Amino acid sequence: MDRIPALESLAPELQKGLDQASSFEALEALRIEFLGRKGRLADIMSTLPNLPPEERPKLGQRANVVKEEMNRLFDEKKAALTAAREAASLARFDASLPGRAPWKGSLHPDTLIMEEICSIFGRLGFDIAQGPEVEIDHYNFESLNMPPEHPARDMQDTLYITDSILMRTHTSPVQVRTMLKEKPPLAVVVPGKVYRRDSDLTHTPMFHQVEGLMVGHGITMAHLRGLLTAFVRGVFGPRTEVRFRQSFFPFTEPSAEVDISCFLCGGAGHTDGETCRVCKGTGWVEILGCGMVDPAVFEAVQYPADVSGFAFGLGVERIAMLKYGIGDLRMFFENDLRFLTQFSY
Ligand code: PHE
């Protein structure tokens, strides 16, 4: 005897089973039944020792051939099932579905406005300067012509850290720091954060300013006016008018507040017969404070008496509110993405 019928029928029976199997679970069940440690092939093999010794090698060889054949049948079926599964999932894949757009960040309106201001003044020849937000009284007040009991200190409710160290209330101390470092002529813009003890609908304890300073020989109010006009036309459009109103700051003399013609009503004071909500009917909106640098400030930085210059300071949030029509100052600081993402460029 060189064949065992039970061994010879294994592969054909397995093939029949595989033909019926339609899942990986069914495939695994068949593998256990035919090729498992206690499966049908193992069963037959366990009878080999009962055979006459001279038959054993031949039958052993035959059993190996059958085992290889069964493994091949399994692999074939497994490949077929895998291919079918992939085809099915591809059939469900809709290549025409829109993709998911990656998250795109946007710049804060304060950042956008500060960048715009710095780039306009950059084209006009100004450098960018910066200074510390924690400042000493001397730079924030004293050298800007506001000695300890000066009433103008009240205009800027101050957050003190110690008697002489404070959170800067404006970007003007950077004027002083710049002049102490550099000799005239110079022209800088200073974007940055400032702090005041103030919090209500129209005031926040931190907000942003941009300071401007130009010093040289023969600098006049006319230069200031020309530059500011170019600047507001850059930000608010070429038809914007500029008006200087007499004002007071301890560190400039003369001083002025600058109004621009209302960009909503064009200066008329009303839109569609209604009082203009931006300028409240006046036709003008205030945007910054400025003036010719006071001689007392030049003296504090030991500049020669024959130089002159101008300075201005503007509120970034105010410019952003006017430019983008933002009605509520608090929106700048709430980090609401519905607000912030409107300012991507
Ligand atoms: N520092 C002033 C303020 O914060 C603004 C200003 C700057 C005015 C420069 C004149 C010149 O109110």
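The values are calculated or read from the model by the stated rules, or taken from the named source; none is laboratory data. What you are looking at is a predicted structure, and each value in this text was computed from that prediction instead of being measured. For neighbour counting, all protein chains shown are included, and Cβ atoms are generated from backbone atoms with ideal geometry for every residue, glycine included. Ligands, DNA and RNA are stripped out before the accessible areas are found, and what is left, the full protein with its side chains, is counted by its heavy atoms. Shrake-Rupley method; radii C 1.70, N 1.55, O 1.52, S 1.80 Å.
From the list R37, R56, R31, R62, which one is on the phi < 0 side of the Ramachandran plot and part of a loop (DSSP other than H, G, I, E, B)?
Numbers: R56 fails: part of a loop (DSSP other than H, G, I, E, B); R31 fails: part of a loop (DSSP other than H, G, I, E, B); R62 fails: part of a loop (DSSP other than H, G, I, E, B).
The match here is R37.
With (1) in a helix (DSSP H, G or I); (2) over 12 Å from M70 (Cβ atoms); (3) modelled with pLDDT of 90 or more; (4) not acidic (D, E) as the list, and L18 as the residue in question, which single condition is left unmet?
Single failed check for L18: (2).
Criterion first (in contact with a Cys (Cβ under 8 Å, 6 or more places away or on another chain), at pLDDT 95 or above and either among the basic types (K, R) or in the same structural domain as R277 (by TED's automatic domain parsing) (or both)) does V174 satisfy it?
Working: in contact with a Cys (Cβ under 8 Å, 6 or more places away or on another chain): no; at pLDDT 95 or above: yes; either among the basic types (K, R) or in the same structural domain as R277 (by TED's automatic domain parsing) (or both): yes.
Considered against the rule, which asks whether it is in contact with a Cys (Cβ under 8 Å, 6 or more places away or on another chain), at pLDDT 95 or above and either among the basic types (K, R) or in the same structural domain as R277 (by TED's automatic domain parsing) (or both), V174 comes out as no.
Report every pair of residues separated by at least 6 positions or lying on different chains whose Cβ atoms are under 8 Å apart, first residue within region 299-310 and modelled with pLDDT under 95, second open to solvent by less than 30 Å² (accessible area, probe 1.4 Å).
Close Cβ pairs (under 8 Å, with a partner that is open to solvent by less than 30 Å² (accessible area, probe 1.4 Å)) amount to A305/F298.
Could you please find all residues in region 228-239 being open to solvent by less than 30 Å² (accessible area, probe 1.4 Å) and either outside the structural domain of F298 (by TED's automatic domain parsing) or touching a residue at least 40 places away in the same chain (Cβ under 8 Å) (or both)? Don't jump to the end; show me each part of the working.
Step one: list which residues in region 228-239 are open to solvent by less than 30 Å² (accessible area, probe 1.4 Å), which gives 228-229, 231-232, 235, 237.
The answer is L228, F231, V232, V235.
For region 240-254, name all the residues that are of a type outside the set (F, W, Y) and either more than 9 Å from the ligand (Cβ to nearest atom) or touching a residue at least 60 places away in the same chain (Cβ under 8 Å) (or both).
Step one: of region 240-254, the residues of a type outside the set (F, W, Y) are 240-243, 245-247, 250, 252-254.
Within region 240-254, T240, E241, V242, R243, R245, Q246, P250, E253, P254 qualify.
If you scan region 282-303, which residues turn out to be more than 16 Å from the ligand (Cβ to nearest atom) and either charged (D, E, K, R) or in a strand (DSSP E or B) (or both)? Break it down into steps so the answer makes sense when it comes.
Here is the first cut: in region 282-303, the ones more than 16 Å from the ligand (Cβ to nearest atom) are 282-285, 299, 302-303.
W284, V285, E299, listed by residue number.
Please indicate, with yes or no, whether at least one residue in region 185-197 is assigned to a loop (DSSP other than H, G, I, E, B), within 15 Å of the ligand (Cβ to nearest atom) and more than 24 Å from F231 (Cα to Cα).
Taking region 185-197 first, the residues assigned to a loop (DSSP other than H, G, I, E, B) are 185, 196-197.
Subset that is within 15 Å of the ligand (Cβ to nearest atom): 196-197.
Filter once more, so that each one left must be more than 24 Å from F231 (Cα to Cα): 196-197.
Yes.
Among the residues of region 206-225, is there at least one that is outside any strand (DSSP E or B), within 16 Å of the ligand (Cβ to nearest atom) and crowded, with 21+ Cβ neighbours inside 10 Å? Before the answer, list the steps.
Within region 206-225, the first condition is being outside any strand (DSSP E or B), and the residues that meet it are 217-225.
Among the residues that remain, those that are also within 16 Å of the ligand (Cβ to nearest atom) are: 219-221, 223-225.
Narrowing further to those that are crowded, with 21+ Cβ neighbours inside 10 Å: 224.
Yes.
Rundown of residues vs (1) surrounded by 15 or more Cβ atoms within 10 Å (Cβ to Cβ); (2) in contact (Cβ under 8 Å) with a residue 40 or more places away in the chain; (3) charged (D, E, K, R), yes/no style:
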| residue | (1), (2), (3) |
| --- | --- |
| H108 | yes, yes, no |
| L112 | yes, yes, no |
| I120 | yes, yes, no |
| G125 | no, yes, no |
| G131 | yes, yes, no |
| P151 | no, no, no |
| Q156 | yes, yes, no |
| T169 | yes, no, no |
| P173 | yes, yes, no |
